[in-house]
Every structure is written in structure tokens, then in C-alpha cells.
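A short write-up of the structure that comes next.
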Amino acid sequence: MLLLLLALIAVHFPAGDTKDAFQGPISFHVIQISSFANSTWVKYQGSGWLGDLQIHDWDSNSGTATFLKPWSKGNFSDEEVSHVVELFRIYIFAFIREMKADVNALRIEYPFEIQGIGGCQLHSGGAIVSFLRGALGGLDFVSFKNSSCVPAPEGGSRAQKVCTLLAPYKDIFHTVEKLLYETCPRYLLGVLEAGKADLQRQVKPEAWLSSGPSPGPGRLQLVCHVSGFHPKPVWVTWMRGEQEQKDTQRGDVLPNADETWYLRVTLDVAAGEAAGLSCRVQHSSLGGQDIVLHWGHSISTGWIILAIIVSCLIFFLCFALWIFRHLSYQSIL
Ligand SMILES: *[C@@H]1O[C@H](CO)[C@@H](O)[C@H](O)[C@H]1NC(C)=O
């Protein structure tokens, strides 16, 4: 039965990474991953996320939540937090017990993995949309919509069976509804306010160029690295003059250890065509002052010019000194 409030969800977060999406939607969601190795061995992992930032962890040994940020409790009182934590503790216990009990009825074979995601998302107009979905073995399985369990097509008859089994448990549906449509939106607004300074901090990117492995004879891969920025949305492309290069390949935005981001953007070109290309970076922290790095005459050219100027200066100084001495000797004689 309760395959339970099953395991929720698998949200598809709009990638919010484009030039126009500096103010994308933001969600709070709880993720659970449970690995059932055999009838006696189960590993449960739970975590709470604000967008891409983990703010809660679940300690399976002690059966309690850890708050990873000073503001992770949002504007909830300690009492309310303990109440929600207690709900999760009961849920996790029941979920694991029921899964083990229903393995045969549902014809699920060990080992298997259940992933769930549930939460709510604030959109730019102010609307908050809640979601809850579960996956079995990496495929969508069931979701919660309009107060009922909806089997995913990928879940087949097994998912239908789970929803049928769950249907009589009105209390569970009621609790899930309350958590999704009341608790989550209230918590989300509170935690966004409580964590504002951290979430909206602006950290400028650093950018540098390098060449990647050659994509083929006579060709170059130009790599533009952008690192250390916050928040995540950033726009980076290769340009020739004012012309965006359509073949620019954008990597995934990856996390640095210090809660800033890293991005790598590459362009394959014929070796003779690299001159005149530049990498352009736009980010909210730069206040409209884009970073532009030119291929071929970046820092190294600067150092060469400096070296030439310094050499010339030394030469002229020596020459002046020689003349000065020469004149001094002449005046003595
Ligand atoms: C269950 O799985 C765990 C982890 O893979 C393993 O260590 C243990 O021996 C298994 N137990 C049984 C009864 O198969």
C-alpha cells in the first residue's frame, strides 16, 4: 500500500541559464533516494534544496534533519520545524516498511531504487505551483495531481496498481495536500526572505582562455572558462566583432566548492580563423560591464609589450649613464 506517498517526484527545473532568465522561478524541494539492496538492507538518503542549493540533510542514523544554513528553518518556529521533522520520520519508517511488504505483490525485484521529489515552485508572477513525483529504477512512476495519485505511462500496470492501493488512504492524501499546498508555499516565501542576503549575493566571475584538444588536423578548439560567479545565470559566447558564433558549445554550469559556479564554453575553428575571435561574458554582478577576452592577444601580449618597454628603458638608462660618465671624464681632463 502506501507505496506510499510515494516517493515523489522528479522535477524538471527550467534551466534558467539564458540571457533573459536572470530572474527565473525558484523552488523548494525535498529529494529522497532509497536503495533496496535486498530484504534486509536499505539505504535512505533525504535532502532539502532551495533551487540548486542544498539547505537540509537527513541523518538516517539519528532519524533527524540537519539544517545546513543558519536560515534553513525559514520563518518557522522550532515547534513547527519539529512537527514537520516528526512527520518525515514517521513517513520514512512507514515507506521502507511498506515497500518491503509489497515487493512481492508488486513484482519488484531486488535490488531496486526509488527516487522521489516533492515541493513547490515560485514563478515570477507570484504563483506557487506544487509538485510530487516518484520514480522506480530511474523511470517516472507515479505523481500527485489534483489531490490524487496519477500513474506515469512508463510505470505500466505496476504504477496503476500502486495508485489503486493508495486510493482508500484519504488521511495520507490529506496530509500530503496540506504539506504541498499550505506548508511548502509558506515555508518557501519565508526561507527566501530569511536567506535573501546569501541567495542574492553577487560575486563577479573570473574568465580566462585556453586551447582544448585539437578537434582535427588544422583545427583548434578555443576554450573560454568562466568561474567563481554567483548567482548561477550567466551568458557566455564566442564572438567575431559583434557577431555571435553559432557553433559555440556551452557546457553544463558546474558547482565550485565555495557555492559559486563554473562554466566552460568552446568553439572549434580552422587554425587560421582564430584571430579576431573573442569570448564575451555577461553576468548580473558585472553591472553591464561585460568581460571580453580576445583570442591571441590576451595577457601574454601585454607581458611581451611590457618586457620590450622595460628593455628599452634599461638600454636608454645605460646609454645615458655612459654619456654622462664620458662627459664627466672629459671635463676633468
Ligand atoms: C544485503 O545487501 C548488503 C549490501 O549489498 C550486503 O552486505 C548483505 O550481505 C546482503 N544481505 C543478504 C541477506 O543478502
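Figures for the structure shown
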| quantity | calculated |
| --- | --- |
| Aspartates and glutamates whose Cα lies under 16 Å from that of residue 178, excluding same-chain neighbours fewer than 8 positions away | 80, 86 |
| Value of Rg/Rh across region 207-305 [Cα atoms, Kirkwood radius] | 0.97 |
| Potential lengthening between residue 84 and residue 174 on full extension [0.36 nm per residue; Cα-Cα distance subtracted] | 30.9 nm |
| Over region 24-96, volume per residue of the alpha carbon convex hull, in Å³ | 105 Å³ |
| Helix axis angle, 299-332 relative to the chain longest principal axis, alpha carbon, degrees | 30 degrees |
| GNM flexibility winner over the chain from 210, 278, 35 (Cα, springs under 10 Å) | 210 |
| Rg/Rh ratio calculated on Cα atoms of the chain (Kirkwood radius) | 1.22 |
| Candidates 223, 234, 269: whichever shows maximal mean-square fluctuation once the chain is modelled as a Gaussian network with Cα springs under 10 Å | 269 |
| Environment charge of residue 270, counting only residues whose C-beta is closer than 15 Å and scoring Lys/Arg +1, Asp/Glu -1 | -1 |
| Extension gain from residue 38 to residue 123, taking 0.36 nm per residue of separation minus the Cα-Cα distance | 26.5 nm |
| Least to most buried among 319, 28 (fewest other Cβ within 10 Å first) | 319, 28 |
| q = 0.19, 0.28 Å⁻¹: log10 I(q)/I(0) that the Debye formula gives for region 125-177, counting C-alpha atoms only | -0.65, -1.11 |
| Theoretical ellipticity at 222 nm over the chain - DSSP helices of four or more residues, -39500 (n - 2.57) apiece, nearest 500 | -9500 deg cm²/dmol |
| Gyration tensor over alpha-carbon atoms, region 187-264, equivalent ellipsoid semi-axes in Å | 33, 13, 10 |
| Candidate lysines for bridging to residue 204, where Cα separation is under 27 Å - those fewer than 8 sequence places away on the same chain excluded | 19, 69, 196, 232, 246 |
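Just so you know, all these numbers are worked out from the coordinates, no wet-lab data involved. Bear in mind the structure is a predicted one, so any value in this text is a computation, not a measurement. Glycine also receives a Cβ, built like all others from the backbone with ideal geometry; neighbour counts cover every protein chain displayed.
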